[in-house]
1. Could you list log10 I(q)/I(0) for the chain at q = 0.06, 0.10, 0.11 Å⁻¹, which the Debye formula gives when each Cα is one point scatterer?
2. When a/c is below 1.5 the answer is rounded, else prolate if a/b is larger than b/c, else oblate, so apply that to the stretch 359-428 with a ≥ b ≥ c taken from the square roots of the Cα gyration tensor eigenvalues.
3. Can you give the FRET efficiency for Val19 and Gln340, using 1/(1 + (r/R0)^6), R0 = 35 Å, r = Cβ-Cβ distance, to the nearest 0.05?
4. Between Gln700 and Lys259, what's the calculated FRET efficiency when r is the beta-carbon distance and R0 is 60 Å? Round to 0.05.
5. What net charge is computed for the residues neighbouring Ser564, neighbours being all others with C-beta under 13 Å from the C-beta of Ser564, Lys and Arg scored +1, Asp and Glu -1?
6. Select from the stretch 164-194 those trypsin sites (Lys or Arg not before Pro) which occupy a DSSP coil region and have at most 14 other Cβ atoms within 10 Å, ordered by residue number.
7. Largest first, how would Tyr755, Tyr742 line up by accessible area (1.4 Å probe)?
8. Modelled label-to-label distance, Arg532 and Tyr775, 7 Å Cα→beta-carbon offset: nm?
Amino acid sequence: VAVSLNINDHLICLFSYAVSSKIEPFYKGGKVQISQDEQYIFCTCGPRVNILQIDTGKIIHSIEQDDQEDITSFSLSPDDEILVTASRALLLKQWDWKQEKCTRSWRAIHNVPVASMTFDCTSTLLATGGCDGTIKLWDVVKQYCTHNLKGSSGVVHLVEFHPDISRLQLFSSSVDCGIRIWDLRTSKCICVLESHYSAVTSLAFSPDGQTLISSGRDKICSVWDLKKKAVKRTVPVYEAVEGVVVLPGKSDYSQMGVKGEGLHFVTAGSKGVLRVWDSSSARCVFTQTLPDAPALNTEEADLDPRSLMHLLPMPQSNRLATVTAEHNILIYQMPALTVQQQFVGYNDDILDVKFLGKDDTHIVVATNSSQLKVFELATNSCQILYGHTDTILSIDVFRKGSMFASCAKDKSLRLWKMDLKSGHVHCVAQGSGHSNAVGSVACSRLKKGFLVSGSQDCTIKMWDLPDPLPDVGCEPVLMTARLTERAHDKDVNSVTISPNDKLLASGSQDRTAKLWSLADMSLLGIFRGHSRGVWCVQFSPVDQVLATASADGSIKIWSIQEFSCLRTFEGHDASVLKVIFVSRGTQLVSSGSDGLVKLWTIKTNECVKTFDAHQDKVWALHGSSKDDLMVTGSADSTITLWKVRSLEEDWRGTESKLLEVQCEVSEASDDLGCRVVCWCWSIQEDGIQELEKTLLKLRQDQKESVLRFSVVWNTNSRSCLDAQAVLQVLLTHLSPEEILQYQGTRTHLEGLIPYTERHMQRIGRLLQASMFLDYMWQKMRITGGKDR
C-alpha cells in the first residue's frame, strides 16, 4: 500500500505497555501434595489443580475441569505418573498431568462428593473417601472398583494405606473421631482406634511400620502400638494440630533437640510454629522461633492467619513444607528449620504495591491483611513482614528504593529498611498518634528526612525520621509527630509530596484537594471541581501541576499556582482510584473500579490505550524509577507487571513493508501490527478497496488471525471502525459455510454482537445530538434574520 507519510515519525512518539509477567493466585485452600521427586507442588484452586515448580516458583501446568466444577480432592501416585481428581460433579478423572491431558474419567459411585483420596505405594490402588461415609478402592490399572467399605459415620476426611503393602491395610477417619483399620483381604473393619475427641487431622507411620502417630484438633497427639492396637502414649501439645511428620532416624537432628534414638515427630498447628516431640517421654524438645514475627496470642491462635494447616515431608532433601491459613507455602531446611523458600498462594485484595530495591528488583505489596509481602521479581520468592495488627492500607517508597513506609487500620505507621545485599527487610521505626485508620503515607523525595500521613480522623501528621536508624535485630525506635493539622472535613484518602520537598497535596472524601506548605503546614489553596471524593493526588515530576483522581470517574490536572483546572480526562465508567505520571510527565496512567488501566496523553487530552488485564477494582498502581516498568494490583488478587514498549520498538523494520505497494497482513504478527496496517489503509482515499483486495488474497489461517484481531479491536471505540471495515469485507465476500470453518468462529462472532450493538447505540446518540445542534443552529439563524 502506498502511504504518503513518514511512518517512522509517527511511530517514534507512540508508547504503550505490554504485560511482562503476572503474580496470580494458584492456591485457595484444600489439599496440597508434593511430588515424590520433590520438584513440584500440586495444589487446588477452584476447578483447577495448579502445579508449581519449586526451583523457579512458576506455575508450569494447570489441570482444569471441563465442567468448571470445583475439585474436592486429588491424589498424585507415588511414581509421579498419574494424577486423579474428584469434583462436585461426582466424576473421577485420571490425568497425564505432564501433557495436561485427561486419559480417563468415570463415575465415582459415591452419592455425594469425594472428600479424601490417596494411592498405595505401588501406584495401582486408589482409595476414595466420600461425604456419604463410604470408602471405595479402585484398581487404576485394570480400571474397576475393588472394594466398597461401609461403616464410617459422616464425612470420611482422611484415608491412608499402611506403608507395608503386604499388610493390605487401610486407615481412615471420619467425623466420629475414631481411626478405622480396614483389612482389604476381607473388606472388613478389624479395629477402631479411639482416643481423640475431635477430628483426626493427620496420620504418620514409624519407619518400621509398627507405630502410628495421630494428631487432632483436640490438642493431643496419640502414639499407637499397631500390634496391640492400643495407645502407647498420649502427648498433650496444647494447640490444635493439623499435621504430623515422623523424623527419619538416620540424620543428625541434634540442632532440633533430638538426643536419643527414640521416635521423634514434628507437629504443625494453630500456634504457627513447628515443634519436635519425643514420643517416649511426651516432651517437646524443640520449638521453632520466628524472629520476624511477633508472638501469637494463644487465646486467639486458632484465628491467626499464621496458623499451619498442612505439614508435608520432603525426605530426599531433608526438608519440610508447611501451608499457612493465609495460603502461604513455606519450605524449611532441616535441621536448622530455616526458611528456604516461600510462595504466596493467594494474595486476597491487592490494596497497594510499590517497586523496591536499587534497580526495582523487588515489589512490596499490601493486601487485605496485616502482613506486607516483598516479592523478588526474578524468582517470585516472597518475604512476609509482620508488625501491623490490622489491614495495611498504603505504602510509599523513598527515592533510592531501600526504605519504605506503611500505614494501616491499626492507627499506626511503620518504617522499613531493606538490606540491598541480602534483600532482607526489617522494621526500623514505628509511630502512632492518629485516632482512626491511617489511609495514606508519603515519603520525602530529596532526602530521607520525614514522612507525612493522612488519616480517617481528618488530620495530616508530619513525622521526623530517627537518626541514626537502628541496626538489624534491634527493636524499632518510636517516631513522634512534629506537626498535626486538621486538613479536611472527611477522610483523608491520599497525600503526596512534591519533588522538591516543599509542598504537600492531600485528597479527601470531602471532594476537595488541598495544597500545603511543608515548612509550616500552612494552607496555600484548595482545588474544587470534583463531584465526589478524591481518591488520589499526584505531583507532576516536571511541571507545576497536580493530578487528582476522583470517584466521579474523572481525572483533573490543576495549576498549583492559580488553583485552576487545566485538563479533565473522562473515560472510566466508575471511580478512578489511582493516577501516576509517566513518560517524563507527558502522559498519565490511571486505574479504576471498572478494572481498567488507561493511558492518557496530556497534550491531546486523549486516552490512547485501555488495558483490560484485571477482573476487579485496580487499587494499586506504581511506576518504576527508570520509567520503563509499571505494576498494577487488583481486588482480583492479581499483580501485573507491565513493560514500556514503543511502536517503533515493536515494529522496527515493518515500516518498509507498509510503504510497499503490496503488503500482507501476515507480516504483522500480532494485534498491534495488524492495527498499524489497517490504519495505513484507512488514511487513503481508496483504502477500503485496497484492504478488500489484500484480505481476499490471504490464506485461511491469516484470515482467521485477522478475524480474531477484529474481535479485540471491536471492543474499543477508537479502533472499532477498522474492525468493522475488516468484518464488512469478510462477511461480504465469504459464505457462512466458509466462515464457520474457521477455528473459534462461533465464539468470535458471539463476542462481536454486544460491542457492535453498543457502538450502534453510541452512533445513534451522536446522530440525535447532531440533529439537535442542527435544529438549534437553524433556530438561531431564523431569530437572527428577524432581528436584522
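The values are calculated or read from the model by the stated rules, or taken from the named source; none is laboratory data. Nothing here was measured: the structure is a model prediction, and the numbers come from that model. Reconstructed Cβ throughout: ideal geometry from the backbone, glycine too, with neighbour counts over all protein chains shown. These accessible areas exclude ligands, DNA and RNA; they are computed on the full protein's heavy atoms, side chains included. Shrake-Rupley method; radii C 1.70, N 1.55, O 1.52, S 1.80 Å.
1. -0.51, -1.13, -1.23
2. On the way: a/c = 1.96, a/b = 1.50, b/c = 1.31.
In terms of gyration-tensor shape, prolate.
3. Values: r = 30 Å, r/R0 = 0.85.
For Val19 and Gln340, the calculated efficiency is 0.75.
4. On the way: r = 75 Å, r/R0 = 1.24.
For Gln700 and Lys259, the calculated efficiency is 0.20.
5. On the way: positive: Arg528, Lys556, Arg567; negative: Glu562.
Taking every other residue near Ser564 into account, the sum is +2.
6. On the way: sites: Arg167, Arg180, Arg185, Lys188; in loops: Arg185.
Passing both the DSSP loop test and the Cβ count: Arg185.
7. Working: Tyr755 70, Tyr742 20 Å².
Order by accessible area, largest first: Tyr755, Tyr742.
8. Distance between label points: 3.1 nm.
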